[in-house]
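What follows is one structure encoded as structure tokens, with my remarks underneath.
The values are calculated or read from the model by the stated rules, or taken from the named source; none is laboratory data. Bear in mind the structure is a predicted one, so any value in this text is a computation, not a measurement. Cβ: placed from backbone, ideal geometry, glycine included. Neighbour counts: every protein chain shown. Keep in mind that these areas ignore ligands, DNA and RNA; they rest on the heavy atoms of the full protein, side chains included. Shrake-Rupley method; radii C 1.70, N 1.55, O 1.52, S 1.80 Å.
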Amino acid sequence: MYGTWVLVPLNFLKFNFLSSGGDYYGTHKWHWYFTQGFTVMVFSHIPFCIAGIIYSKQWKFTGLLAWVLGFYSILGHKEFRFVLPVLPIALIFSGYSLAMIEDPSVSSPPHKEKEFSKKHNKYPPKMTAAILFLLATNIPMALYMSLVHQRGPEDVMNHLAKEAFQGKVKSILFLTPCHATPYYSMLHRNLPMQFLDCTPSSEEKGVLDESDRFMTDPVSFMSKFANNSSFPSHIVLFESEEQKLRSSLISFDYREEKRFFNAHFKVDRDLQASVVVYVRIIYSLI
């Protein structure tokens, strides 16, 4: 496929570890997994996880957990998904501490286990409180993060898919960070679409990619794009950039068609409160 022998795991090691190629997509402090990343993933299980580590004394699993988090902390580019494989280990420790609350004989010598089990026939108050605490903290967060937070890209693609089905969409330009939407996976139509390029090799040559150039100066980028490319029927962008480009888009005969909520707070870049769809006036009349 490449015209020469390629060992993918070796390339992965070279790009992400030896050459820090992953840093191109953003970096975090070395302690991010310990202070933010993994702690957010474990969330309200943290006290139970710590208790489980201490009382279970399963140091091999504890060492594995620490080694994975420590190794990935060396890399500049960090993501939640990188440490997802060790999340079950943390939850096992949490489960162990919950089992101890329900039945202290879990950590007792074998000869005491039967004696306690005979007396134990219902959940103790501490166990009930722990379960209610976990439900009260995790269910609202799960619902909010799954149904509300950063839902804009999916909503905008659902809208464009419906419009495309009715023949109202001819082409789409996404003036967003690269890979910000589900793209063709939700459109299901053979329409020309374009998003800003963020190929890593371009930065190695000292040249900013399309995405960086747009984020640095959206107005200048849009003016150059208008001179070198044909106008699409629809343009999609986040509100933070839309505010800077509104006058330019109007001058190019675009009008706002739809605005979709995206987030209440910023995550890793400027607040992207909503996703906005602009349509060129000649196509809005169809």
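Details
- With a requirement of 1 or more residues that are under 26 Å from the mean Cα position of the chain (by Cα) and buried (at least 17 other Cβ atoms within 10 Å of the Cβ), the helices (runs of 4 or more DSSP H) lying completely within segment 4-63 that satisfy it span 38-42, 46-56.
- Of the residues ALA130, ALA180, ALA164, the single one that is open to solvent by less than 40 Å² (accessible area, probe 1.4 Å) and in a loop (DSSP other than H, G, I, E, B) is ALA180.
- Yes/no for PHE116 being out of contact with any strand residue (DSSP E or B) (no Cβ under 9 Å at 6 or more places or on another chain), at pLDDT below 95, in a helix (DSSP H, G or I) and surrounded by 11 or more Cβ atoms within 10 Å (Cβ to Cβ): yes
- Residues (modelled with pLDDT under 85 and hydroxyl-bearing (Ser, Thr, Tyr)) located in segment 212-243: SER229
- Candidates are the residues of segment 263-283 that are at pLDDT 85 or above and more than 13 Å from VAL156 (Cβ to Cβ); the one that is surrounded by the most Cβ atoms within 10 Å (Cβ to Cβ) is ARG280.
- Qualifying residue in segment 66-84 (condition: closer than 28 Å to VAL267 by Cα, in contact with a Lys or Arg (Cβ under 9 Å, 6 or more places away or on another chain), at pLDDT below 90 and assigned to a helix (DSSP H, G or I)): no
- Only one of the listed residues (SER94, SER73) is touching a residue at least 12 places away in the same chain (Cβ under 8 Å) and touching a Cys at 6+ places or on another chain (Cβ under 9 Å). That residue is SER94.
- Residue match in segment 196-207 (condition: modelled with pLDDT under 95, open to solvent by less than 30 Å² (accessible area, probe 1.4 Å), acidic (Asp, Glu) and in a loop (DSSP other than H, G, I, E, B)): no
- Candidates LEU245, LEU191 - the one that is more than 22 Å from GLY26 (Cα to Cα), surrounded by fewer than 20 Cβ atoms within 10 Å (Cβ to Cβ) and in contact (Cβ under 8 Å) with a residue 24 or more places away in the chain: LEU191
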